[in-house]
Amino acid sequence: MKLLYLFAFVVLSKPALFAGEATRKKLISVSENIRVEAWEQVGPVGPAGGAQWSVRKSTLHGGKQEGVDIIEVDNGRLRFTVVPTRGMSVLSLSAGDARIGWRSPVQEVVHPRYINLQSRGGLGWLDGFNEWLVRCGLESNGLPGTDTFTNNQGNEANMDLTLHGKIGNIPASEVEVAIDAEPPHRIRIRGRVDERMFYGPKLELWTEISTEPGADSFCVTDIVTNRGAESQEFELLYHTNYGKPLLNEGSIFLAPVARVTPLNEHAARSIDRYPHYAGPTPGFVEQVYCIHPLHDGKDRTLVALSNKAGDLAVSLRFSVKELPYFTLWKNTNSEVDGYVTGLEPGTNFPNNRRIERKFGRVPKLAPGESHRASIDFAIHHGVESVQGVAKEIAAIQGQIKPVLDSSPEKKD
């Protein structure tokens, strides 16, 4: 869905927009030459009290994470860590004793200076891949390969596209924390990440990652804007990743589905079991499924991942107008090699951009035009809560029988 306006949080230079905020602290600013090394704010705000919360900014040291900025948010029930240095990714998410993330073989929070996106045939993005949520895009995402572009002489030329694009390895240029003065005192982490070049795309990402004290949910809202004078293609995919304890043998993916298409022939062989998970399996080769989700009649959809016991789940709510496609990535390899699955709403499927363009899944932004995307995440504890979200998904599915394709799309 394309919008010709920006939300108020995009224009951080106008303090009047945030008059209702008790705290507004700028932590990083290219325009003001600011980088706060360490800072913290502890709540609750105001005399009414409420859940004890905190926001802490710090800087990591040692190895490849030297100089990486992180912002840790604890709303009293939910904890997550934002990494401005890595494109405003969310490193980890915890709720109570449950860690809602995964254990990557990549142990450090790798600074982008150590990432060579071209390495290993365009797979260099994986050198830093360990986040719970990382955006893929903005000029392109998906599998590495070649595509065409218009060069500085106005001619069509070939280019190499790397895995999942650049945005996850670009440090944020502006970052601030804002906390609402009025109850429920919503905590907001805002940032701007620029993917720009001369004779190339001029794309701007503004994000707000927010939660309420004591809540078991939070929201990620992004605005992507074309700051160039010509129309510009873009792609945006949210790679959210889950391992133990949420992922285990018998875990299940729940979603209202119109159609499921395997990305390749290998995935096609297991299409009948696409929502079901095995335990850690050494030598497992990833399986990817491209899903067309159903919605509730108001363009909203809901998907979830539940553990085998049915007493722990995570859910994602989003608009199919903003994010019309969904990718399910299954990588149930050995634990040491990365036992993980990805739930990935997006503007496209993770094929190379030239293939997605063929199927009409590469949107364009006119000069100055913006695209908004928002995802509400929630953690569900207990059988009753998990069954509740499962029933909601089943209601959206209704009597519609999903189409399971036995072979991938013909890409050539």
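The values are calculated or read from the model by the stated rules, or taken from the named source; none is laboratory data. Computed from a predicted model, the values in this text were never measured in an experiment. Neighbour counts run over all protein chains shown; Cβ positions are idealised from the backbone, glycine included.
Descriptive notes on the structure:
- Considering (1) without any contact (Cβ under 8 Å) to a residue 60 or more places away in the chain; (2) of a type in the set (Phe, Trp, Tyr); (3) farther than 24 Å from residue 140 by Cα, the lone condition that residue 318 does not fulfil carries the number (3).
Conditions (1) in contact with an Asp or Glu (Cβ under 6 Å, 6 or more places away or on another chain); (2) in a loop (DSSP other than H, G, I, E, B), marked per residue:
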position: 168; (1), (2): no, no
position: 183; (1), (2): no, yes
position: 188; (1), (2): yes, no
position: 191; (1), (2): no, no
position: 200; (1), (2): no, yes
position: 219; (1), (2): yes, no
position: 223; (1), (2): no, no
position: 229; (1), (2): no, yes
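- For the range 68-161, the strands (runs of 3 or more DSSP E) that sit wholly inside it and include 1 or more residues that are more than 18 Å from the chain's Cα centre (by Cα), at pLDDT 95 or above and not small (Gly, Ala, Ser) are 69-74, 145-150, 156-161.
- Residue in the range 202-217 that is surrounded by the most Cβ atoms within 10 Å (Cβ to Cβ), counting only those that are of a type in the set (Gly, Ala, Ser) and assigned to a strand (DSSP E or B): 210
- The residues of the range 299-308 that are surrounded by fewer than 20 Cβ atoms within 10 Å (Cβ to Cβ) and touching a residue at least 24 places away in the same chain (Cβ under 8 Å) amount to a single one, 308.
- Scope the range 231-250; condition assigned to a strand (DSSP E or B) and under 20 Å from the mean Cα position of the chain (by Cα); matching residues: 233, 235, 236, 237, 238, 239, 240, 241, 242
- Pick from the range 16-51, criterion charged (D, E, K, R) and modelled with pLDDT of 70 or more, ranking: nearest to residue 183 (Cα to Cα): 24
- Number of the exception - residue 173 against (1) without any contact (Cβ under 8 Å) to a residue 12 or more places away in the chain; (2) in contact with an Asp or Glu (Cβ under 7 Å, 6 or more places away or on another chain): (1)
- Residue check, residue 154 touching a residue at least 40 places away in the same chain (Cβ under 8 Å), surrounded by fewer than 20 Cβ atoms within 10 Å (Cβ to Cβ), over 19 Å from residue 64 (Cβ atoms) and out of contact with any Cys (no Cβ under 7 Å at 6 or more places or on another chain): no
- Hits in the range 96-148 (condition: crowded, with 16+ Cβ neighbours inside 10 Å and without any contact (Cβ under 8 Å) to a residue 40 or more places away in the chain): 124, 126, 127, 129, 130
- Among the candidates 373, 313, the residue that is under 30 Å from residue 214 (Cβ atoms), hydrophobic (A, V, I, L, M, F, W, C), in contact (Cβ under 8 Å) with a residue 24 or more places away in the chain and in contact with a helix residue (DSSP H, G or I) (Cβ under 6 Å, 6 or more places away or on another chain) is uniquely 313.
- Within the range 339-352, residues that are under 15 Å from residue 305 (Cα atoms) have Cβ atoms under 8 Å from residues that are β-branched (Val, Ile, Thr) and assigned to a loop (DSSP other than H, G, I, E, B) in no pair, counting only partners at least 6 apart in sequence or on another chain.
- Considering 257, 303, 320, 288, the condition of being under 24 Å from residue 375 (Cα atoms), more than 18 Å from the chain's Cα centre (by Cα) and of a type in the set (Val, Ile, Thr) is satisfied by 257 alone.
- Residues of the range 260-277 that turn out to be under 24 Å from the mean Cα position of the chain (by Cα) and of a type in the set (Gly, Ala, Ser), as a count: 1
- Filter result (surrounded by fewer than 16 Cβ atoms within 10 Å (Cβ to Cβ) and of a type outside the set (D, E, K, R)) within the range 398-412: 398, 399, 400, 403, 404, 406, 407
- Single residue of the range 254-298 satisfying the filter (more than 16 Å from residue 345 (Cβ to Cβ) and among the aromatic types (Phe, Trp, Tyr)) that is surrounded by the fewest Cβ atoms within 10 Å (Cβ to Cβ): 284
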